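> First the structure, then my questions, so here it is.
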Amino acid sequence: MMRFAMIGIGAGTAGALLFASVSSGSWLSIFLFYLAPLPMMIAGIGWSHWAALIGALSGAIALAAVFGPVFFFAFLAFAGLPAWWLGYLAMLARPAGGNGQGGLEWYPPGRLLAWSAVLAALIVTIGILNFGFDAQSFRAALIRSLTTLLRIETDAAPGATLTLPEISHPQRLIAFMAEAIPPAAAVIATITNVFNLWLAGRVVSFSGRLTRPWPVLSDMRLPREIAMALAAAVALSFAGGMVGIIAGVASASLFMAYGILGFAVLHAVTRGLDARGLLLGAAYASVMVFGWPMLALCLLGLADAIFDLRGRIARRRQPPT
């Protein structure tokens, strides 16, 4: 246990430094901030979920000692506890077949993807509630924060009218940003959770400490409950008020999960094609450059969940008997 404690303290310290780097204000610090859960995920997957939990607590205590008690809860909510939970689930296993004779059945990657989206929605919801418990208070506080940030970036004098280059109505832009930021944050948080989990697994695998076999990611499937949760969240997003904002956040994170599933479908259906590398490279490049093709992948993931596209294509490729 002492070994796990030392590893956890080291991981928590590294995570706390990454988390605190955002206070520098540089653009690179934003990327480092999103990597804050990574050291604790590595500890949880490579050693024990107890090491990850110790890391979450030690990192939170260190930040609270330096910056104040608010950072204790912020680190736990946004980095420590999600990293511990995903690391714990990633190494969860049970006897296959229920008799212990067929090896181990590991926690499915599709459920890890689902949990990544759910945790992202919870993280963003916690952040929203910090601005206010009703929609009007939240939007007003977010607009004030965005206005202050833009004033700092443009060196505007206090009390002077905010002006932005080539933008005639900056207040409209700020109002639009206040509407778009919650779902956008949910999408980014989902991608961050999935990327950190994948990277932590790769790091542990390269070190030789990964005890579970690397899953076939192109075969992963989301639980059916996620489709029902997405439908309910989309319906509630039209309700308005704080319920609508939180439902929109949940819709964005779950929809992004289906977008990641769309990549898995694309890898599966292009298997065996001569131009597979070109097609996959074009898909990844278009998403990274333009962004909007991700919508097509989200729809592809949803279509596979409903119509089992991978199963249909696999059966067509089988030779006749």
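The values are calculated or read from the model by the stated rules, or taken from the named source; none is laboratory data. Please read these numbers as outputs of a predicted model, since none were measured by experiment. FYI the Cβ positions are ideal-geometry reconstructions off the backbone, even for glycines, and counts take in every protein chain you see. Ligands, DNA and RNA are excluded from the accessible area calculation, which covers all protein heavy atoms including side chains. Shrake-Rupley method; radii C 1.70, N 1.55, O 1.52, S 1.80 Å.
> For the stretch 261-321, what does the alpha-carbon gyration tensor say about shape, rounded, prolate or oblate, given a ≥ b ≥ c as the root eigenvalues, a/c under 1.5 as rounded, and a/b over b/c as prolate? The partial results should precede the final answer.
Details: a/c = 4.33, a/b = 1.50, b/c = 2.89.
Oblate, because a/c is 1.5 or more while a/b does not exceed b/c.
> Quick one: what are the phi-derived ³J(HN,Hα) couplings along the stretch 54-68, Karplus 6.51/-1.76/1.60 with θ = phi - 60°, whole Hz, x for glycine and proline?
Karplus values, whole Hz, x for Gly and Pro: 4, x, 4, 5, 5, x, 5, 5, 5, 5, 5, 5, 8, 10, x.
> From the backbone phi of the stretch 233-244, what are the Karplus-calculated ³J(HN,Hα) couplings (6.51 cos²θ - 1.76 cosθ + 1.60, θ = phi - 60°) in whole Hz, Gly and Pro given as x?
Along the stretch 233-244, the couplings run 5, 5, 5, 6, 5, 8, 6, x, x, 5, 4, x Hz.
> In a GNM of the chain with a 10 Å cut-off on Cα contacts, which of LEU236, LEU300, LEU278 has the highest mean-square fluctuation?
Between LEU236, LEU300, LEU278, it is LEU278 that shows the largest mean-square fluctuation.
> Now for a separate question. Kindly write out, for the stretch 222-228 in residue order, the coupling ³J(HN,Hα) from the Karplus curve 6.51 cos²θ - 1.76 cosθ + 1.60 (θ = phi - 60°), rounded to whole Hz, with x marking Gly and Pro.
7, x, 4, 4, 5, 5, 5
> Out of residues 5 or more away from LEU104 or on other chains, whose amide H comes under 5 Å of its own, with H placed 1.01 Å from N in the peptide plane?
ALA96
> Now a separate question. Could you work out the equivalent-ellipsoid semi-axes for the chain, taking the square root of 5 times each eigenvalue of the Cα gyration tensor, largest first, in whole Å?
Sorted largest first and rounded, they come to 35, 28, 18 Å.
> Shifting gears a bit: If you take the C-alpha gyration tensor of the stretch 150-304, multiply each eigenvalue by 5 and take the square root, what semi-axes do you get, largest first, in whole Å?
36, 21, 18
> Looking only at PRO215, PRO183, PRO37, which one moves most when the chain is put into a Gaussian network model with springs between Cα atoms under 10 Å?
Result for the chain, Cα springs under 10 Å: PRO215 fluctuates most.
> Right, here's the next one. I want to verify a result. In a Gaussian network model of the chain, Cα cutoff 10 Å, which of these has the top mean-square fluctuation: GLY44, GLY301, GLY272?
GLY272
> How large is the accessible surface of PHE307 in square angstrom, using a 1.4 angstrom probe and rounding to the nearest 10?
Accessible area, nearest 10 Å²: 120 Å².
> Zone of ILE152 (label point 7 Å along Cα→Cβ, backbone N under 11 Å): which residues in the stretch 16-40?
Those under the cut-off are 23-26.
> With Cβ to Cβ distances under 13 Å as the rule, what net charge do the other residues near THR147 carry (K, R +1; D, E -1)?
+3
> Just name one of LEU113, ALA135, PHE206: the one whose Cα is farthest towards the positive end of the charge dipole of the chain (beta-carbon charges, Lys/Arg +1, Asp/Glu -1).
PHE206
> Here's another thing I want to ask about it. What is the stretch 215-321's relative contact order, in percent, from Cα pairs under 8 angstrom and six or more apart in sequence?
30
> Another one. Calculate, for VAL234 and ALA65, the FRET efficiency according to 1/(1 + (r/R0)^6) with r their C-beta to C-beta distance and R0 45 Å; round to the nearest 0.05.
FRET efficiency, VAL234 to ALA65: 0.55.
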